[in-house]
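Before any comments, here is the structure.
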Amino acid sequence: MHIVLSGYFGFDNVGDEAILLSMITSLRKLQPDVELTVLSNNPAHTSSTYGVNAINRWKLKEISSILKRADGLISGGGSLLQDQTGMKTIPYYCAIMYLAKFHKKPVFVYAQGMGPINHSISQMITRKTLNKVGQITLRDEASRQLLVDIGVKKPMSIVPDPVIGLNPTDFRSSWLDYQAFEAGFVAVSVRDWPSEVDFKQKIADSLSRLAQAGHQIVFIPMHDEHDEKASFQMAQMIPEKTLVAPGNLTIEEKIAIIGKADLLIGMRLHSLIFAAIQTTPFIAISYDPKIDAFAAIANQPNIGHVERDDWDGKQLFEQAQTMLQARESIEAALRDQITVLHEQAQHTAQLALDLFSGK
């Protein structure tokens, strides 16, 4: 079987690369001889990193040729169909799905998070495209409701984010091995986001209080140089000593570091998911509904939104202290939840294979 994978791959975004790793791992676990071709912004790196075929995501003629020979297309996961970051995103991913349908190949929408889809033209393109695909799986109820509201009639099922299907037991970080912490540490994932609220100062205030209470602060950049820059900027706002992990660490290393933390305070969705699969308690800081949705799924607190001024550093610090004191019970509850979600995430890959084999 030959499957083509379309997503936000090859851009050095740890969340999307983790999605790709998890999908590849799950598909190969179920069908070891499956042939995979990934549409990537950096085909050489994608091919060497994951041991797959990879082609340039912008060369539509080449993509069309590959789809003609393939058994099906996977679109996802992640937040592909949204127009928050630009008006070209939805037309691109829908065009890839239309190419597959042109060649009469089934399309499987894999654990996507939908929206925001603000413009009527974006809604129309999404509606017409998704009503023609083979199967739609979504990672939260809000995504399903959005598609219903814009007129998607196809049946849709809710499944976990693909990354929850990863087994991090053997993941290690050589960088972490060289650090000498006198006690445990708090991992932090931050990113830039336009806001009239000085949310960075709120976070910095809470981290300073945690450092004064004896907790080492370790920033984990999730989107390479982008989050690395934001992490260093915030580290400079904190009088106490902090550490910033290298932005170019592997996915496995970043998961391993978060797994060794006593607590994660995170903005990036996949920092929260990495914490969950490692049963590390976390506090979410929201900038997007997908953050709120996953915090609710994992039953972990969401301290507030970066565009709202109804929370402060003192509240974040107190929430962190409360969770650090109850760490063992929170870990146990997370472990029970993730065990179920892990099995469900694996099942999504089986649904895709069934579609492509005609079952």
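The values are calculated or read from the model by the stated rules, or taken from the named source; none is laboratory data. Please read all numbers here as calculations on a predicted model, not as lab measurements. Cβ coordinates were reconstructed from backbone atoms using ideal geometry, including for glycine residues, and neighbour counts include every protein chain displayed. Ligands, DNA and RNA are excluded from the accessible area calculation, which covers all protein heavy atoms including side chains. Shrake-Rupley method; radii C 1.70, N 1.55, O 1.52, S 1.80 Å.
Among the residues of segment 234-248, are any open to solvent by less than 30 Å² (accessible area, probe 1.4 Å), part of a strand (DSSP E or B), free of Cβ contacts under 8 Å to residues at least 24 places away in the same chain and out of contact with any Leu (no Cβ under 9 Å at 6 or more places or on another chain)?
First pass over segment 234-248, keeping only residues open to solvent by less than 30 Å² (accessible area, probe 1.4 Å): 234-235, 238, 242, 244-245, 247.
This time we only want the ones that are part of a strand (DSSP E or B), so: 242, 244.
The next check asks that each one be free of Cβ contacts under 8 Å to residues at least 24 places away in the same chain; those that pass are none.
Looking through segment 234-248, none of the residues is open to solvent by less than 30 Å² (accessible area, probe 1.4 Å), part of a strand (DSSP E or B), free of Cβ contacts under 8 Å to residues at least 24 places away in the same chain and out of contact with any Leu (no Cβ under 9 Å at 6 or more places or on another chain).
Which of the residues spanning segment 273-288 are outside any loop (DSSP other than H, G, I, E, B), open to solvent by less than 10 Å² (accessible area, probe 1.4 Å) and touching a residue at least 60 places away in the same chain (Cβ under 8 Å)?
If the condition is that a residue be outside any loop (DSSP other than H, G, I, E, B), open to solvent by less than 10 Å² (accessible area, probe 1.4 Å) and touching a residue at least 60 places away in the same chain (Cβ under 8 Å), then Ile273, Phe274, Ala275, Ala276, Ile285 are the ones that fit.
Go through segment 1-72 and tell me which strands (runs of 3 or more DSSP E), entirely inside it, have 2 or more residues that are open to solvent by less than 10 Å² (accessible area, probe 1.4 Å) and touching a helix residue (DSSP H, G or I) at 6+ places or on another chain (Cβ under 7 Å).
2-6, 35-40
Scanning segment 173-187 for residues that are in contact with an Asp or Glu (Cβ under 9 Å, 6 or more places away or on another chain) and open to solvent by 50 Å² or more (accessible area, probe 1.4 Å), which turns out modelled with the lowest pLDDT?
Ala183
Cβ contacts < 7 Å: first residue small (Gly, Ala, Ser), restricted to segment 123-140; second residue open to solvent by less than 10 Å² (accessible area, probe 1.4 Å), any location; separation 6+ or different chain. Result?
Partner pairs satisfying both residue conditions: Gly134/Val107; Gly134/Phe108.
Does segment 152-162 contain any residue that is under 18 Å from Ala293 (Cβ atoms) and of a type in the set (Asp, Glu)? Outline the logic, then answer.
Initial filter on segment 152-162 (under 18 Å from Ala293 (Cβ atoms)): 156-162.
Filter once more, so that each one left must be of a type in the set (Asp, Glu): 161.
Yes: one or more hits.
Has segment 332-355 got at least one residue that is free of Cβ contacts under 8 Å to residues at least 60 places away in the same chain, over 22 Å from Asn299 (Cα atoms), assigned to a helix (DSSP H, G or I) and open to solvent by less than 70 Å² (accessible area, probe 1.4 Å)?
Yes, that holds for at least one residue.
Which ones in segment 108-122 are outside any helix (DSSP H, G or I) and open to solvent by 30 Å² or more (accessible area, probe 1.4 Å)?
In the first step, residues of segment 108-122 are kept if they are outside any helix (DSSP H, G or I); the result is 108-119.
Correct list: Pro116, Asn118, His119.
Determine if segment 159-169 includes at least one residue that is modelled with pLDDT of 95 or more, open to solvent by less than 60 Å² (accessible area, probe 1.4 Å), part of a strand (DSSP E or B) and touching a helix residue (DSSP H, G or I) at 6+ places or on another chain (Cβ under 8 Å).
No: segment 159-169 contains no residue that is modelled with pLDDT of 95 or more, open to solvent by less than 60 Å² (accessible area, probe 1.4 Å), part of a strand (DSSP E or B) and touching a helix residue (DSSP H, G or I) at 6+ places or on another chain (Cβ under 8 Å).
Is there a residue in segment 80-90 that is closer than 25 Å to Ser26 by Cβ, crowded, with 16+ Cβ neighbours inside 10 Å and either touching a residue at least 60 places away in the same chain (Cβ under 8 Å) or in contact with a Lys or Arg (Cβ under 6 Å, 6 or more places away or on another chain) (or both)?
The answer is yes; a qualifying residue exists.
Across segment 91-101, what is the total count of residues that are open to solvent by 20 Å² or more (accessible area, probe 1.4 Å) and among the aliphatic types (A, V, I, L, M)?
Within segment 91-101, residues that are open to solvent by 20 Å² or more (accessible area, probe 1.4 Å) and among the aliphatic types (A, V, I, L, M) number 2.
Determine, yes or no, whether Ile96 is touching a strand residue (DSSP E or B) at 6+ places or on another chain (Cβ under 8 Å), outside any helix (DSSP H, G or I) and modelled with pLDDT of 95 or more.
no
Go through segment 79-93 and give me each residue that's under 18 Å from the mean Cα position of the chain (by Cα) and in a loop (DSSP other than H, G, I, E, B).
Residues satisfying the conditions are Ser79, Leu80, Leu81, Gln82, Asp83, Gln84, Thr85.
Can you name the condition, by its number, that Lys105 falls short on among (1) in a loop (DSSP other than H, G, I, E, B); (2) closer than 26 Å to Asp149 by Cβ; (3) out of contact with any Pro (no Cβ under 6 Å at 6 or more places or on another chain)?
(2)
Would you mind telling me which numbered condition in (1) of a type outside the set (S, T, N, Q); (2) modelled with pLDDT of 95 or more; (3) open to solvent by 20 Å² or more (accessible area, probe 1.4 Å); (4) in a helix (DSSP H, G or I) Ile303 fails?
(4)
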